[in-house]
Amino acid sequence: MSSSAFHKAFKEITFDSPLQYVKKIRLNKAGYFMSQQSMKAYMAADKIGYESPSQFSREFKRYIGRSPA
């Protein structure tokens, strides 16, 4: 399967590109860490692989609708 065919098939099933899908999974996981495990936002960002807490904060707010703090 070509890369473009994979992306098209993936988007038909998930309604997101592979990158968007992975980002949503990571941000949901960070939300879980912060709400269920009382983890600080910068620690959750680091745990899911973000190097920049400010980038994490922007993307979290864009996806979840509120700041991670």
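Since every read-out is calculated from the coordinates, none of them should be taken as a lab result. For clarity, every value in this text was computed on a predicted model and none was experimentally measured. Because the Cβ atoms are built from the backbone with ideal geometry, glycine has one as well, and the counts that use them run over all protein chains shown.
Looking at the stretch 30-43, which of its residues are farther than 12 Å from Tyr63 by Cβ and either part of a helix (DSSP H, G or I) or in contact with a helix residue (DSSP H, G or I) (Cβ under 6 Å, 6 or more places away or on another chain) (or both)?
Listed by number, the residues that qualify are Tyr32, Phe33, Met34, Ser35, Gln36, Met39, Ala41, Tyr42, Met43.
With the requirement that a residue be small (Gly, Ala, Ser) and more than 27 Å from Ala41 (Cβ to Cβ), what does the stretch 1-30 give you? Talk me through it step by step, then tell me what you get.
First pass over the stretch 1-30, keeping only residues small (Gly, Ala, Ser): 2-5, 9, 17, 30.
Ser2, Ser3, Ser4, Ala5, Ala9 - these are the residues of the stretch 1-30 that are small (Gly, Ala, Ser) and more than 27 Å from Ala41 (Cβ to Cβ).
Tell me which of these Asp46 doesn't satisfy, since it passes every other one: (1) assigned to a helix (DSSP H, G or I); (2) of a type in the set (D, E, K, R); (3) more than 20 Å from Ala69 (Cβ to Cβ).
(3)
Any residue at all in the stretch 9-17 that's in contact (Cβ under 8 Å) with a residue 12 or more places away in the chain, closer than 28 Å to Ser54 by Cβ and out of contact with any strand residue (DSSP E or B) (no Cβ under 8 Å at 6 or more places or on another chain)? So that I can check it myself, show each step before the final result.
From the stretch 9-17, those in contact (Cβ under 8 Å) with a residue 12 or more places away in the chain are none; that's our starting set.
No - not one qualifying residue is present in the stretch 9-17.
Any chance you could count how many residues in the stretch 1-24 are within 17 Å of the chain's Cα centre (by Cα), among the hydrophobic types (A, V, I, L, M, F, W, C) and assigned to a loop (DSSP other than H, G, I, E, B)?
Residues in the stretch 1-24 being within 17 Å of the chain's Cα centre (by Cα), among the hydrophobic types (A, V, I, L, M, F, W, C) and assigned to a loop (DSSP other than H, G, I, E, B): 1 in total.
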